[in-house]
1. For 126, 120, 100, give me the order by solvent-accessible area with a 1.4 Å probe, most accessible first, ignoring ligands, DNA and RNA.
2. Could you work out what % of the accessible surface of the chain is carbon and sulfur, using a 1.4 angstrom probe and leaving DNA, RNA and ligands out of the count?
3. Rolling a 1.4 Å sphere over the protein heavy atoms, what is the accessible area per residue of the chain, to the nearest Å²?
4. Give the separation of the Cα centroids, segment 164-184 to segment 100-156, in Å.
5. Build a GNM of the chain with springs between Cα atoms under 10 Å: which of 130, 286, 298 gets the top mean-square fluctuation?
6. What accessible area, in Å² to the nearest ten, does a 1.4 Å probe give for residue 329?
7. Taking the Cα centre of the chain as the origin, how large is its charge dipole in debye, to the nearest 20, when only Lys and Arg (+1) and Asp and Glu (-1) carry charge on their Cβ atoms?
8. Ranked from the most accessible area to the least, with a 1.4 Å probe and all protein chains present, what is the order of 46, 336?
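The values are calculated or read from the model by the stated rules, or taken from the named source; none is laboratory data. Given the structure is predicted, the values throughout are model-derived calculations rather than measurements. No Cβ is skipped: glycine too gets one built from the backbone with ideal geometry, and neighbour counts run over all protein chains shown. All accessible areas refer to the heavy atoms of the entire protein, side chains included, with ligands and DNA or RNA removed. Shrake-Rupley method; radii C 1.70, N 1.55, O 1.52, S 1.80 Å.
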Amino acid sequence: MDLILRGGRVIDPASSLDATCDVGFANGRVAAVSPRIAERANEERDVAGAIVTPGMIDLHTHVYWGGTSIGVDAEPIARRSGTTTFVDAGTAGPGNFPGFRRHVIEPSPVRILAYLNVSFAGIFAFSRTVMVGEASDLRLLDLNECVRVARENSDLIVGIKVRVGRGAGGSSGISPLDMAIEVAEELGLPVMAHIDHPPPSRKEVLQRLRPGDVLTHCYRPFPNSLLRSDGVTFDIGHGAGSFGFHACRGLLAAGFRPDVISSDVHVLNVDGPAFDLLTTLSKFLVLGVDLNALVSAVTTAPANSIRRPSLGTLAVGSEGDATVVDIEKGSFEFHDTVGECLAADRRLRLKGMVVGGRWWPPASGKK
């Protein structure tokens, strides 16, 4: 065996497991999960007192670094947040996905999968000084090209991304979503739909989404907030303008818990308020969401959304990824995207991670 994590609290919702166990890895995969693995390994880590989860999946990120203005570098974010799989949410479209694949995804030491943007250029103008929605000109939406590129990169593309709303779509209204769904139906893939300021309204968007599709920014503040519940739960997509504590408290109180928690990390929020997936998770921990539900929202649920059953679990034979965290006590502050500050006495802290069966210490270098 190559690596054994010994004595941690293993939480694996996919296997209905929450117990003190050892987890062993060999040949890049999970090799054993047991209260005590008798076999010795080339490397062993004592993680007693820590929480061991399947490798965390961030379902909504923007990591086409260097190729788009919105993109950030996945590796340093992984090393501070314990994210072992980044799902890029449509940063690249048919016109620039080959560059994303060759120059970012293939050299990356952590896994990157992607939603393909229905717009040919992807998110091409997103910065503090220039902001042009890629769905604001329908001439940029070539459905045949989208289908072709998705088929040629089917090993990486998990769905079709579309951004609708006054910011991303200008006066295009609901049309980009209808076009994205047409592409997705041709490919047999799900859609991830971004929604910002109306039009269209959240109701128009929800009426069109199909089983398995993802509505991101589901806890966005007013307007187009889901605080007046439509009875559907989807993805958080924290971002720089799409997560409000007021909406979050109201929806949680109504029993409206998100299926998936994601950061939507990009150039405008990587230094706050989102930072990364672990920070986003910590906000929900402080707001009272059960730890097992939090783990499910960054493991089992996103793995199901992208139809990758070998991710998001520590079942024997699955991908050899794991995240090791603990709950740090202290005095902390968290912020939402409209400026509200949340005082906290605890947060999740990264202790290390396993990527492809190999141990990665946290960014601080602590063992």
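1. Listed by decreasing accessible area, they come as 120, 126, 100.
2. Answer for the chain is 49 percent, counting heavy atoms of protein chains only.
3. That works out to 39 Å² per residue.
4. 15
5. 130
6. Approximately 150 Å² of residue 329 is accessible to the 1.4 Å probe.
7. My answer is approximately 480 debye.
8. Listed by decreasing accessible area, they come as 46, 336.
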